[in-house]
Amino acid sequence: MAVIDIEYGKAILEDQYGETVEGSDKQSAQEWEMILNNSSYGHEYARLELEEAKDMISQEDLLEKMDNYKRAYFMARRYLKRENPEALKRIETDLIDQKVRIFGVYTA
């Protein structure tokens, strides 16, 4: 199941960022951490773009993009919660701190 999930998370990131995520089974936790971070930031930037979007088509595209990031985030979160809950706590705490510093506000 984890292989299918990580492949789906990679596919979402490839679709959104155009980059390929490579790695072995040993790097699985690092890949999930990367998916968690990238999807969190991607969602935040898409949210900011949505605030500026004027036409309905752009808004719908951004909402779809945000939904994909959200699915990737929670998929990675579910994996890390099961495999390494301490790392998940650390990553999410760091994400909150970074978002406050970068965006000036935290949005879940």
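Every number in this text was worked out from the coordinates using simple rules, so none of it is lab data. This is a predicted model, so every value here is computed, not measured.
Taking Rh as the Kirkwood radius computed over C-alpha pairs, what is the Stokes-Einstein D of segment 24-108 at 20 °C in a medium of viscosity 1.002 mPa s, expressed in µm² per second?
157
Please give the length that would be gained between LYS89 and GLU60 if that part of the chain were fully extended, namely 0.36 nm times their separation in residues minus their C-alpha to C-alpha distance (nm, one decimal).
Numbers: separation 29, 0.36 × 29 = 10.44 nm, distance 3.23 nm.
Stretched fully, the LYS89-GLU60 segment lengthens by 7.2 nm.
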